[in-house]
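The values are calculated or read from the model by the stated rules, or taken from the named source; none is laboratory data. Since this is a predicted model, take the numbers as computed values, not measurements. Surface accessibility is based on the protein's heavy atoms, side chains included, excluding ligands, DNA and RNA. Shrake-Rupley method; radii C 1.70, N 1.55, O 1.52, S 1.80 Å.
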Amino acid sequence: MSVLIGVATALSHALRMRSAAPVDLPGDGFAVRIDWPACGGDPIGHDFAQFTRRLDVARRRAARATAAWRRGPLRPLAVTVVLIGQAVFRAHPRDCVSLTCPTAAPLYGMRADGRG
């Protein structure tokens, strides 16, 4: 199973590197959030990929990522679009398990804790 996790991490990294968005622009934008299932005793983790300034581009990228992962043996729990600052995107660790990271909730008019 650890080999599959390594492959998934490498593919997620490749998706981030293929972004055609200008990454030297300051300000907020959008990214694809990929939530991974727990493995053994590990908590559920997530990665961010493909920062862009445009919501429509982020949605297309999320749809492509979902389609790509659907064919593989290891599938994410969710592939969503999140509002994220560029500095946060760049500094975000791989395989993060923090509950305070950006989620899709604000795009649905909800708070990050799922209320409202």
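Side notes on the structure shown:
- Across segment 76-81, coupling constants 3J(HN,Hα) worked out from phi with the 6.51/-1.76/1.60 Karplus curve, θ = phi - 60°, read x, 5, 7, 10, 10, 9 Hz, and Gly and Pro carry x.
- With θ taken as phi - 60° and the Karplus curve 6.51 cos²θ - 1.76 cosθ + 1.60 applied, the whole-hertz 3J(HN,Hα) list for segment 56-71 is 5, 5, 4, 5, 5, 5, 5, 5, 5, 5, 4, 5, 5, 6, 4, 7 Hz, x standing for glycine and proline.
- Heavy-atom accessible surface of segment 22-86: percent carbon and sulfur, 1.4 Å: 57 percent
- A probe of 1.4 angstrom, applied to the heavy atoms of all protein chains, finds residue 95 with accessible area near 80 square angstrom.
- Theoretical gain in end-to-end length, residue 39 to residue 75 [0.36 nm per residue, Cα-Cα removed]: 11.7 nm
- Diffusion constant of segment 20-103 at 10 °C, which comes from Stokes-Einstein with the Kirkwood Cα-pair radius and 1.306 mPa s, µm²/s: 120 µm²/s
- Amide H within-cut-off set for residue 81, under 5 Å, with H built and near neighbours excluded: 33
- The phi torsions of segment 33-44, fed into the Karplus equation with coefficients 6.51, -1.76 and 1.60 and a -60° offset, translate into couplings of 9, 10, 9, 9, x, 5, 10, x, x, 6, x, 5 Hz, rounded to whole numbers, with Gly and Pro shown as x.
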